[in-house]
Structures are given as C-alpha cells and as structure tokens.
Amino acid sequence: MSYQVLARKWRPRNFREMVGQAHVLRALINALDNDRLHHAYLFTGTRGVGKTTIARILAKSLNCEKGVGSQPCGECSACCEIDEGRFVDLIEVDAASRTRVDETRELLENVQYTPTRGRYKVYLIDEVHMFSNHSFNALLKTLEEPPPHVKFLLATTDPQKLPVTILSRCLQFNLKRLPLSEIRGYLAQIIEQEKIEADDSSLQELARAADGSMRDALSLLDQAIAFGGGKLVVSDVRAMLGTIERRHLHEMMKALAQKDAATVLSLISDLSEQAPDYESFLEEILSLLQRIAVAQVVPDAIDDSFQDAGEIEMLASMMPAEDVQLFYQIGLIGRRDLPLAPDPQGGLEMVLLRMLAFLPGTAGLRATVETNSEQRKQPAAVPESPSEKPQAKPVQSANSDWESIIETMNLKGMVRQLAENCSLAKRGKGHVQLSLDPAHSQLHNDNLERRLEQALTDFSGGPVKLEILREKLKDETPARRQARTAGERQDAAEKAIAGDEHIKAMQDAFNAEVRPESVRPRNEN
C-alpha cells in the first residue's frame, strides 16, 4: 500500500476527534441533536484550521444511514464514501477554478433534483470568495429559496470579499488559529501512535512554525520525519526550519541590554556561518522582547514553553522597560523593511544597530556628561537666597546648567515635563530648590516630586532634598527656551522660503503659492 501523508491519515472523522474550535463544534452538535438545521453554513478562518474538515463531518452527520445526529457511525456506506471522497450527493467545488458564471449556473441546475442516495444533497464550496459577482448572483437566488433537501456548506479564508447578501443568508462560524499547546499535544499523540522517536523541543519547534495551522503542523511533521531519517531531533528540526538555538537569541539580547555594539556584530557574523533566515531571526528577537515586556509587567504570566523562564527574568531585570518597548518598535519597522535591504545580513545589522543608536543617552549624552563633569562638581553660580539681586550672567549659567542636568538624568514622561517647566532657584550641598510657574501647577504632585528628587539623588551620588516653590518666574525655563528656539527657527525657515529665488520663479510662472503650514525648519543634529 502506498504511503499516506499524515495530514490525510490523521484528518478527524468525527467531531470528537477535532482539536480546538470548541465554540463552533458546540453550536453544530446542538443543532444536529435538536434538529435545528439551517440551509447554509459559512466557515471562515485561516488555512489549516479545520474549515473543510468540519464541513465534511457535518455532511456525514446529515447523511449517516443511522440517522441525523452529531455522532455519525463512520461505518455505513454513506459515511465511508464521504470519508473516501466518492459520495455522489456531496458535491465539492473549488470556487477558484469555477469563477465563470456559466459554470456556476451549470452547477446549480441540478439543485432542484432530490438526492440520489443520501438524505441531503450537500454542496461544499471551498474558497467561495473567489466567485465572480455574476456567480454570486446565481448562487444568491438558490440561497433565497433553497429546496428542503439541499444544504450549502461554504468555506473561505477571506470573508470580507463576500457580498453582504450572501453573508446574511448563512450561519457564519469563524474558526480560530489553533494555540501552540493544542498543536503540540496533537503532534505528541500522532508520534506516539506512529511510534516515532522524538523529543519535546522538536515538537515545540514544529508547533511554533505551524503558526496556528494544524495542516501545516502535520505537513512539517512529515517533512521533519523524512529529514531526520525516521526520528525527530531538535537540531535537525531547527536546521530544516532555519530557526536559531535559544542561546543565540539570549546572547544577542544580553548584548543589546549591555549596549555592546561590537558583540552584536560579532554574534551576527557567527550566525551567518549557519546560513540562517535573517527575517526569522528578527521575528524571534521580537518574540523574545514581547516575553521580556510581559515579565517586567506581570512576572507570573511568563510563557515558559521554551523552559527559559530564568533567562527571561534575568533579561527583564537588565533592561529598562522603555528600552524594551523601543527595541520592539524599531524591530517591527525593521522587519517590514528587511526585504528592501541590499543584503539580508547587512539589513539585520542595521536594525539591531538602530536599536542602540536611538537609545536615549547613549551617544550625544555621553559627550554632554564628559563636558559638564567638572561643572557638576561645583555648585551653580546662583543666588543663595531670593532676597539677593541676581546678575544676568549667573542666572543664565544656572539655567543652562539645569538644562544640562535634565538631559544627563535622562528623564522621561511627566517627570521630564515637570523639570523642564521649572527654573533652578538654588542649589547647594544636598539641597536643590526649583521654581514652578503657578500656570503649570497641574504638572506638580507628590509622586512626580519624589521621582525627580530620586533622579537628582542618583545624579549627585548622594542624598538630595528637593523643594519646589510655586511662584512667578523671572527666568527662562528649559521648556520656554525650547519653545522660543523652535519659534525662531520656524520664522527663519518661513523667511528663507519667502526670499528664495526659485520659489519666487515658480510663483511667477505657475501662479503657485506657499502653504505656511507646510514649512518646517531643517532638523539639526
């Protein structure tokens, strides 16, 4: 007897053998057992989740010689013929190959005639969204007034392409992507029955690669058994799939967490010797970042399907949450653009280096820290008490120093807004006094003040007592300076555009006009 592929050999023959889709099975079982049958069913979902399989089991349940019910016998001639694909009253149609309206009309001409052998004449139309508009119109007439002996079972991966008139006449069931645990469990059952030697890691890799599709999982299992010479070894499975060992991913993430660009490039160079799929590697990096983010927020919710929860917890403790989010966002954009890179390896290098380049405080900030290191050792030249009348130059120096301190502390979010809207009134050993305009009092609360005080303590290397006074400001805050500078640059850009000879020439020649809102100053590095 010729070999039968696992996807066909292990196709479920009844509802009890189905994996997942409990929400669909429950509705169908209740309808069959309580004789509440509709004339048209629509099954939607991605590839390999059981649309056609459920439709065939439903056809078997309708035509079993022992009666309509949710548990067909599987032994009568009707059940056997349906399983073998030769039941005369089950008409299976591939809509992708029957897009012409005359073919659809020819198919539906025999709807009016009673079944030849079965109880119902069942039309199973796969990928029904491929029908043309004329074909849908031909089908619609039959769906509006179906004969009592006809049932329509429609399946599609793209229900958005179906006309609303068709959708409104069907009971619609959306099949979900299968969870990794259910796919892995089913694969374990199969290899046990098939007496195939395998380890848990191999099944985990196959289940992940299947991406929610049981049919893909079984096809990959077939391929892995052939690749491994009759057994499953995780190294062989990874070689077949082009996936990377977990330790390589963890080493790469440690290098990113430590901001070690040299090690990042070295690891990619080592990786290139394995001829990997660089896009898949980037996907694995994104998946790892997602697990790290979860570990930082809800440690008990760590997915330990790879038995590496300890590594995830360590990485979560090494990386600030904002860095994880930044890496993930850059990785997502890089994954989209990776096919455009001249060289896949170079493209991956650029994505990972971009993660480091855009980290706050890793490049320009280092120079700022070195330049101002000596300044931070001495108190800023500011008056020791509000009663002293300040000179313009010391005040300017104090506020310039305060802006540098804000940059060096690498503040984020509301804490940074509070700091930037304050001016430095007094700074002494272990004490900093800030002034906040009452107009911005909504930025000030106890929590933000404590966080700013802690940042100043970390910056100074010793305890700092912070005092924030709400009073009318005489000096320019960092926020005001930034707004003023941005306004000046915008004015300069608009004047430059207005005085540009080329712009004037286009205005004269084409009666063109400059839209002020479109003018932006050039970014400065």
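Bridges between two residues of the chain, per DSSP, are antiparallel at a rate of about 20%. Under 5 Å between amide hydrogens, built in the peptide plane, is the criterion, and for Val93 it picks out Leu124, Ile125, Asp126 among residues at least 5 positions away or on other chains.
Near Leu232, the amide H atoms lying under 5 Å from its own belong to Glu197, Ala198, Asp199; only residues 5 or more places off or on other chains count, and H is placed 1.01 Å from N. Under 12 Å of direct C-alpha separation, and excluding same-chain neighbours fewer than eight residues apart, Lys9 reaches these aspartates and glutamates: Asp83, Glu84, Glu194, Asp222.
Quick check on the range 180-241: what does the Kirkwood estimate of hydrodynamic radius come out to from the alpha carbon pairs, in Å? Don't skip to the answer; put the middle values down first.
Working: mean 1/r = 0.0911 Å⁻¹.
About 11.0 Å, per the Kirkwood formula over Cα pairs.
Relative to a virtual label point 7 Å from the Cα of Ala96 in the Cα→beta-carbon direction, which members of the range 48-67 show backbone nitrogen distances below 13 Å? Output list for this probe position: 48. Working note: Karplus 6.51/-1.76/1.60 with θ = phi - 60° gives the range 213-221 the couplings 10, 5, 4, 4, 4, 5, 5, 5, 4 Hz, where Gly and Pro are set to x.
Could you sort the peptides 279-287, 213-221 by per-residue average Cβ neighbour count (10 Å cutoff), highest mean leading? Provide the component values of the computation, followed by the final result.
Details: 279-287: 17.9, 213-221: 23.2.
Peptide ranking by packing, descending: 213-221, 279-287.
Where in the range 467-509 does the amide nitrogen come within less than 12 Å of the point 7 Å from the Cα of Ser441, taken along Cα to Cβ? Correct set: 470-472. The ratio of the alpha-carbon radius of gyration of the range 123-261 to the globular-protein estimate 2.2 N^0.38 Å is 1.56. Once phi is turned into θ = phi - 60°, what whole-Hz ³J(HN,Hα) does the Karplus curve with 6.51, -1.76 and 1.60 give for every residue of the range 273-283, x standing for Gly and Pro? Working through the residues one at a time gives 5, 8, 6, x, 8, 5, 5, 5, 5, 5, 4 Hz. Helix-only arithmetic for the chain: the sum of -39500 (n - 2.57) across DSSP H runs with n ≥ 4, divided by the residue total, places the mean residue ellipticity at 222 nm at -16500 deg cm²/dmol.
The packing ranking, built from the mean of other Cβ atoms within 10 Å per residue, places the peptides 494-507, 48-61 in the order 48-61, 494-507, highest first.
Our coupling estimate for the range 330-340, obtained by passing each phi through the Karplus curve with A = 6.51, B = -1.76, C = 1.60 and θ = phi - 60°, is 5, x, 4, 5, x, 4, 5, 8, 4, x, 7 Hz, Gly and Pro reported as x. Computed over the alpha carbons of the range 122-180, Rg followed by Dmax gives 12.4, 42 Å. Computed over every Cα-Cα pair of the range 1-95 and binned at 5 Å starting from 0, the pair-distance distribution P(r) comes out as 2, 12, 23, 26, 22, 11, 3, 1, 0 percent.
Which whole-number percent of Cα pairs in the range 246-357 have a distance greater than 23 Å? Kindly include the intermediate steps, with their values, before the conclusion.
Working: 1439 of 6216 pairs.
Tail of the P(r) past 23 Å holds 23 percent of the pairs.
Over the chain, the ratio between the Cα radius of gyration and 2.2 N^0.38 Å evaluates to 1.43.
Look at the alpha carbon pairs under 8 Å that are at least 6 residues apart: their mean separation over the length of the chain gives a relative contact order of 9 percent. Over the range 6-174, the Kirkwood radius and the radius of gyration, each from Cα atoms, give a ratio Rg/Rh of 0.93.
Database remark: amide H of Gln172 closer than 5 angstrom to the amide H of Leu42 (H placed geometrically; neighbours at sequence offset of 5 or more, or on other chains; Pro and chain starts carry no H). For the range 180-241, the relative contact order is 37 percent, taking Cα pairs closer than 8 Å that sit 6 or more residues apart in sequence and dividing their mean separation by the residue count. When both the range 435-483 and the range 249-291 are represented by their alpha-carbon centers, they are found 40 Å apart. Using the Cβ-Cβ distance between Glu313 and Glu501 with R0 = 56 Å, the FRET efficiency computed as 1/(1 + (r/R0)^6) comes to roughly 0.35.
Read the figures in this text as sums done on the coordinates, not as results from a lab. Since the structure is predicted, the reported quantities are computational estimates derived from the model, not experimental observations. Note that we place each Cβ from the backbone using ideal geometry, even for glycine, and neighbour counts take in every protein chain shown.
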